[in-house]
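Visitor: Sharing a structure, written as structure tokens. Questions coming.
The values are calculated or read from the model by the stated rules, or taken from the named source; none is laboratory data. This is a predicted model, so every value here is computed, not measured. Because the Cβ atoms are built from the backbone with ideal geometry, glycine has one as well, and the counts that use them run over all protein chains shown. For accessibility, only protein heavy atoms count, side chains too; no ligands or nucleic acids. Shrake-Rupley method; radii C 1.70, N 1.55, O 1.52, S 1.80 Å.
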Amino acid sequence: ERRRIMLKLADLIEENLEELAALDAMDAANLYSLGKIMYIKNGVELFRYYAGAADKIHGETLKMSKELHGYTLMEPIGVVGHIIPWNFPTQMFSMKVAPALAAGCTMVVKPAEQTPLSALFYAHLAKQAGVPDGVINVVTGYGSTVGSAISSHMDIDMVSFTGSTVTGHKIMEAAATSNLKKVCLELGGKSPFIVFDDADVDKFAPLALNACLFNQGQICVAGTRVFVQEGIYEKFLSRLLEELKTWVVGDPFDPNVNQGPQVDKKQYEKVLSYIELGKKEGATLLAGGKPLDRKGYYIEPTIFTNVTDDMSIANDEIFGPVMSVMKFESVEEVIKRANNTKYGLAAGIMTNNLNIANTVSRSIKAGTIWINCYFAFDNDLPVGGYKRSGFGKDMGMDALHKYFQLKSIAMPIFNSPWL
């Protein structure tokens, strides 16, 4: 029955694709054209993916060493609190709600206060699809009130959160001091994008630009630390600037636009302050660095060079269109520098050398590694972090399994020859 209702919900989302894309464009400045062809459709497919798993949830029969029959049950964890961020409202809603729904959980969803509209519309569609009242509950409000209430509530059994590391700490503290609820966190990132000498500059310079600037740089896995090996460094910079000339900043409803405004004034001012800090600390401003002279929170795509690993722009998650390009000599050096961060969410490795790809991908402490690609997400691919980028996975079967309690059951077997 859950499978049938989830498939109906997916169909309703698909039928309302344009309205949902418009809501996220107005709320989050997600590009409307991408909303129609990618973001909403990805949400649809997530609901269908987990609907297919809803009736295939099985424990295991265990081969015990003693005269016992043992098996496990996978039981819904209970009431889940989903606290979702503002950068991709639809995808975050689908990523959290779909697997929890398939597992048989009920939930309280708190959308970000900046972007609540599509979550409310999804709750409306869920009711139309036949999701029983009280299963998906959307409560809008601020993190300090609604988010805090979810994290400390004695009747909520789990919190799944995507957002800042600072807030992740607060959620863990609230979980510990309340009912020791399970916590899954997908937090900040400062992902390295590594380009080796043998890489195709014409292919990977545009990819590096997109890896950093996509969605105004407001994506946790953004490749903001671009390491380029010394043999192609100058050529790479030249190609990067050439590609930047084609990058269009403007109205997210314009199909020709690559980058919209930052989500709100607070984020806009934060990004601009980091640009000023980068200049103050001695980095070279290669391109951009200023607000655009128009109504709205628009910032020029910004590229810094001569960035050292101890600078704030190389250490802190800016969450804006700001790239740091750094030169390196050897594989050993770039592994050490790539890992010189409190975060561990993602990394990109651009090389045609299989040995380098294997060595570096196994050496970098990050939850997702992309080789000769970036933002290569798939329903089957679990995503999540190392270190202060959090723990627990979204996407794939790992995301479904985190919404279960595993119960072990054993009973004696008497005088059986078939142990």
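Visitor: Extension gain SER65-MET411, at 0.36 nm per residue separation less the Cα-Cα distance, in nm?
Guide: 123.3 nm
Visitor: A further question on this structure: Pairing the Cα long axis of helix 2-15 with the longest principal axis of the chain, what angle in degrees results, from 0 to 90 and rounded to the nearest 10?
Guide: 30
Visitor: A further question follows. Whose amide H sits under 5 Å from the amide H of VAL138, counting only residues 5 or more places off or on another chain, with H placed in the peptide plane?
Guide: Residues meeting the criterion, in which the H sits 1.01 Å from N, are VAL109.
Visitor: A further question follows. Through the Karplus equation 6.51 cos²θ - 1.76 cosθ + 1.60, θ set to phi - 60°, convert the phi angles of the range 332-343 into ³J(HN,Hα) values in whole Hz; use x for Gly and Pro.
Guide: Values per residue, Gly and Pro as x: 4, 5, 6, 4, 4, 6, 4, 7, 7, 7, 6, 8 Hz.
Visitor: In addition: Extending each Cα 7 Å along its Cβ direction at LYS279 and LEU120, get the distance between those two points in nm, one decimal.
Guide: Those two pseudo-labels are separated by 4.0 nm.
Visitor: Roughly how many whole Å is it from the C-alpha centroid of the range 313-332 to that of the range 267-301?
Guide: Each part reduced to its Cα centre gives a spacing of 16 Å.
Visitor: Could you tell me what % of all Cα pairs in the chain have separations over 26 Å? Please list the in-between numbers first.
Guide: Numbers: 50017 of 87571 pairs.
Summing the P(r) of the chain above 26 Å gives 57 percent of all pairs.
Visitor: Here is a further query. Helix 40-51 versus the longest principal axis of the chain: what is the Cα-based angle in degrees, 0 to 90, to the nearest 10?
Guide: So the inclination is approximately 30 degrees.
Visitor: For HIS58, HIS401, give me the order by solvent-accessible area with a 1.4 Å probe, most accessible first, ignoring ligands, DNA and RNA.
Guide: HIS58, HIS401
Visitor: I'd like the per residue volume of the convex hull spanned by the Cα atoms of the range 95-207, given in cubic angstrom.
Guide: Per-residue hull volume (Cα only) is 167 Å³.
Visitor: Hey, what does the equivalent ellipsoid look like for the range 169-261, semi-axes from the Cα gyration tensor as sqrt of 5 times each eigenvalue, largest first, whole Å? Provide the component values of the computation, followed by the final result.
Guide: Values: eigenvalues 251, 83, 12 Å².
Gyration-tensor ellipsoid for the range 169-261: 35, 20, 8 Å.
Visitor: Sticking with this one: In what order, largest first, do VAL79, VAL97 sit by accessible area if the probe radius is 1.4 Å? Don't jump to the answer; show the numbers that get you there.
Guide: Working: VAL79 45, VAL97 0 Å².
Output order, biggest surface exposure first: VAL79, VAL97.
Visitor: In this model, which of LYS235/LYS290; LYS110/LYS407; LYS56/LYS110; LYS96/LYS181; LYS190/LYS336; LYS182/LYS387 are farther than 20 Å apart at the alpha-carbon?
Guide: LYS235/LYS290; LYS110/LYS407; LYS56/LYS110
Visitor: Still on this structure, please answer the following. So what is the 222 nm mean residue ellipticity for the chain from helices alone, if each DSSP H run of at least 4 adds -39500 (n - 2.57) and you divide by all residues, rounding to the nearest 500 deg cm²/dmol?
Guide: On the way: 14 runs with 153 residues, N = 419.
Computed mean residue ellipticity for the chain: -11000 deg cm²/dmol.
Visitor: Given the options GLU14, GLU113, GLU332, state which has the largest fluctuation in a GNM of the chain using a 10 Å cut-off (strictly under) for Cα springs.
Guide: Greatest mean-square fluctuation among the candidates belongs to GLU332.
Visitor: Under the rule a/c < 1.5 gives rounded, and otherwise a/b versus b/c splits prolate from oblate, where does the range 217-296 land using the Cα gyration tensor?
Guide: Oblate shape, in that a/c is at least 1.5 and b/c is the bigger or equal ratio.
Visitor: Helix 354-363 sits at what angle to the longest principal axis of the chain, using alpha carbons and giving 0 to 90 degrees rounded to 10?
Guide: With both axes taken from Cα atoms, the answer is about 70 degrees.
Visitor: Averaging sequence separations of C-alpha pairs under 8 Å and six or more residues apart, then dividing by the length of the range 41-106, give the relative contact order as a whole percent.
Guide: 42
Visitor: Which percent of the Cα-Cα distances in the range 304-413 go past 16 Å?
Guide: 69
Visitor: Based on alpha-carbon centroids, what's the gap between the range 36-60 and the range 368-419 in Å, whole number please?
Guide: Between the Cα centres of the range 36-60 and the range 368-419 lies a distance of 16 Å.
Visitor: Next question, about the same structure. How many percent of the accessible area of the chain is carbon or sulfur, using a 1.4 Å probe? Intermediate values should be presented prior to the final figure.
Guide: Details: 9720 of 18390 Å².
Carbon-and-sulfur percentage of accessible area, whole number: 53.
Visitor: Just how much of ARG3 is accessible, in Å², when a 1.4 Å probe is used and the result is rounded to the nearest 10?
Guide: Its accessible surface works out to 100 Å², give or take rounding.
Visitor: Here's a follow-up. If R0 is 51 Å, what FRET efficiency do you get for SER312 and GLU19 from their C-beta distance, rounded to 0.05?
Guide: Efficiency, rounded to the nearest 0.05: 0.80.
Visitor: Given R₀ = 22 Å, what would the calculated FRET efficiency be for GLU242 paired with ASN353, taking r from the Cβ atoms and rounding to 0.05?
Guide: Step by step, r from the Cβ atoms, then E = 0.30.
Visitor: A further question on this structure: Amide H of LEU292 versus every other amide H placed in the peptide plane: which residues, excluding those fewer than 5 positions away on the same chain, fall under 5 Å?
Guide: TYR298, ILE299, GLU300
Visitor: Same structure again: Can you give me the long-range amide H partners of GLN405? Hydrogens built in the peptide plane at 1.01 Å from N, cutoff under 5 Å, separation of 5 or more residues or another chain.
Guide: For GLN405, whose amide H was placed from the backbone, the distant partners under 5 Å are GLU75, ILE77.
Visitor: Please work out the average accessible area per residue across the range 225-381, using the 1.4 Å probe convention, and give it in Å².
Guide: 47
Visitor: Using alpha carbon centroids, what distance separates the range 341-363 and the range 81-98, in Å?
Guide: Answer, in whole Å: 28.
Visitor: Which value, to two decimals, describes the C-alpha radius of gyration of the range 1-152 once divided by 2.2 N^0.38 Å?
Guide: The reported ratio for this selection is 1.17.
Visitor: Given a 1.4 Å probe and heavy atoms of the protein chains only, how would you sort ARG4, ARG362, ARG225, ARG337, largest accessible area at the top?
Guide: ARG362, ARG4, ARG337, ARG225
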